[in-house]
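Please treat every number below as a calculation from the coordinates, not as lab data. Given the structure is predicted, the values throughout are model-derived calculations rather than measurements. Using ideal geometry, Cβ is built from the backbone for each residue, glycine included, and neighbour counts are taken over all protein chains shown.
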Amino acid sequence: MAISFDLTGKAALVTGANTGIGQAIALALSEAGADVAVAGRSEPSETLAAIAATGRKAVNIKADLGSTEPVQRLVDEALAGLRRIDILVNNAGIIRRDDLLDFSEADWDAVIDTNLKVLFFLSQAAARHMAERGSGKIINIASLLTFQGGIRVPSYAAAKSGVGGVTKAMANELAPKGVQVNAIAPGYISTNNTAALQSDETRNRQILERIPSGCWGKPEDIAGAAVFLAAPASDYVTGQILAVDGGWLAR
Ligand code: NAP
């Protein structure tokens, strides 16, 4: 039997796909054959045009994922636009930086809500549909801070560690229903999210010194892992957190 990375006929929902890692994943899924709904608060016109250019259907769903309020509508609109959801990519995320001793409750709540709470409840809503159909793939975007504590980002470390936990918890209960749940832990990838780090000369040098590959990753570097975890090739892979980090965690 040929190993399949083909997503022809599949439908994907990707959050936060107007830019960065989400945009690269949405485009790669469409290049592999999937129709794609993108959900977020900013206009994703560049992503929609790039998906359409691959010949696949692109659906835009406006939603602020800072709370669970739009979650059910989001799934309903994706189903209305694509008729099914085979693949969910929970990519939308934020980071707040401050010294531990000054870290505010607002910065704690915002990051936990967007990066962890919404990720869980959107997965739950999509999984109800997937379980009914007996198949599906959920891909959560984790972080190196799923494994490490970081500096000045306690709510982000807590949320991304939580993403690792719910990835495994969801995988255990959904495997018997034909749904695989995995996470990708990107290393240092050049996006808006990391612009502040890249422009801090000292931090940038310290980071590069620790990456065996010797450079920042690009959003496209994450896309191949996403296609693998969305495709039949990964049907026996579940509950895993795949680091795509230029070797950072191996040091
Ligand atoms: P990015 O360029 O800042 O993209 C983040 C995406 O999430 C944007 O589309 C953003 O939309 C969306 N988003 C944030 N809050 C939202 C909300 N309340 N409602 C709807 N959409 C919202 O950052 P990125 O680096 O591509 O990050 C993507 C994911 O990878 C995140 O989960 C991040 O934690 C993770 N990650 C990134 C790195 C890295 O090195 N870059 C490393 C590890 C993990 P707006 O444009 O409207 O803000």
Calculated FRET efficiency for the pair Asp64/Lys177, C-beta based, R₀ 22 Å, to 0.05: 0.15
Per-selection metrics, the chain (Cα): Rg and Dmax in Å: 17.3, 57
Amide H partners (placed H, <5 Å) of Ile189, local residues excluded: Gly217
Amide H contacts under 5 Å for Gly239, placed H, 5+ residues apart: Val181, Asn182
³J(HN,Hα) computed for each position of the stretch 84-98 - Karplus, 6.51 cos²θ - 1.76 cosθ + 1.60, integer Hz, glycine/proline x: 7, 10, 8, 9, 10, 10, 8, 10, 3, x, 10, 9, 10, 10, 6
Whole-angstrom gap from the stretch 199-241 to the stretch 112-186, using each part's C-alpha centre: 17 Å
Exposure proxy ranking, count of Cβ atoms within 10 Å, fewest first, for Leu101, Leu119: Leu101, Leu119
Mean Cα-pair separation over length for the chain, i.e. relative contact order, pairs under 8 Å, 6 or more apart, %: 21 percent
Likely footprinting exposure, Ser42, Ser155, fewest C-beta neighbours within 10 Å first: Ser42, Ser155
Gained length - Asp6 relative to Ser45, 0.36 nm times residue gap less alpha-carbon distance: 11.5 nm
Label-reachable residues, the stretch 138-153, where backbone N falls under 15 Å from a point 7 Å from Ser213's Cα toward its Cβ: 143-144
Distant-in-sequence amide H partners of Ser4 (H built 1.01 Å from N, under 5 Å): Ala233
Lys137, Lys57 arranged by Cβ crowding within 10 Å, fewest neighbours leading: Lys57, Lys137
